[in-house]
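**Q** Below you will find the structure I want to go over with you.
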Amino acid sequence: MKMDISVDQPIAALASPPGGAARGIVRISGNGIREILSDWFIPQKESQWLSTKRAEAHTGSLILNSGCRQLSVPVHLLFGQIGEVILVSH
């Protein structure tokens with residue numbers, strides 16, 4: 001089976017160690033990250049989030065759909081350089 005791999009496609013990976021922890025970390029890299037996250041991340045300061053062009057931290061909520069319920073989880077989103085995002089949930 002041949003896989004099509006492109007360095008332009010966004011990727012996500014867990015960055016937290018296995019087991020229980022006080023926080024969970026997910027790293028997301030690639031083009032169009034802000035557009036992808038706009039379906040799930042609700043920033044506290046939307047104008048700052050939309051105009052970010054440098055490494056910057058943003059506080060907000062991550063909206064997760066679980067069956068017929070919606071769950072809002074407080075997160076810190078660290079928008080890094082070159083399309084990298086680190087999502088930290090407490």
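**Q** Considering the stretch 1-34 alone, what residues qualify as being of a type in the set (Ser, Thr, Tyr) and either surrounded by fewer than 10 Cβ atoms within 10 Å (Cβ to Cβ) or modelled with pLDDT under 80 (or both)?
**A** Correct list: Ser6, Ser16.
**Q** In the stretch 13-50, which residues are free of Cβ contacts under 8 Å to residues at least 60 places away in the same chain, of a type in the set (A, V, I, L, M, F, W, C), over 13 Å from Leu62 (Cβ atoms) and part of a loop (DSSP other than H, G, I, E, B)?
**A** Ala21
**Q** Continuing with this model, one more query. Inside the stretch 1-30, can you point out the residues that are more than 19 Å from Val75 (Cα to Cα) and more than 13 Å from the chain's Cα centre (by Cα)?
**A** Met1, Lys2, Met3, Asp4, Ile5, Ser6, Val7, Asp8, Gln9, Pro18, Gly19
**Q** Give me the residue from the stretch 64-83 that is farther than 15 Å from Val26 by Cβ and among the hydrophobic types (A, V, I, L, M, F, W, C) and, out of that set, modelled with the highest pLDDT.
**A** Going through the qualifying residues, I end up with Leu71.
**Q** Something else about it: Just checking, how many residues over the stretch 35-57 are touching a Leu at 6+ places or on another chain (Cβ under 8 Å) and basic (Lys, Arg)?
**A** Number of matching residues: 0.
The values are calculated or read from the model by the stated rules, or taken from the named source; none is laboratory data. Owing to the predicted nature of the structure, the values given are computational and were not obtained by experimental measurement. With ideal geometry, Cβ positions are generated from the backbone for all residues, glycine too; neighbour counts draw on all protein chains shown.
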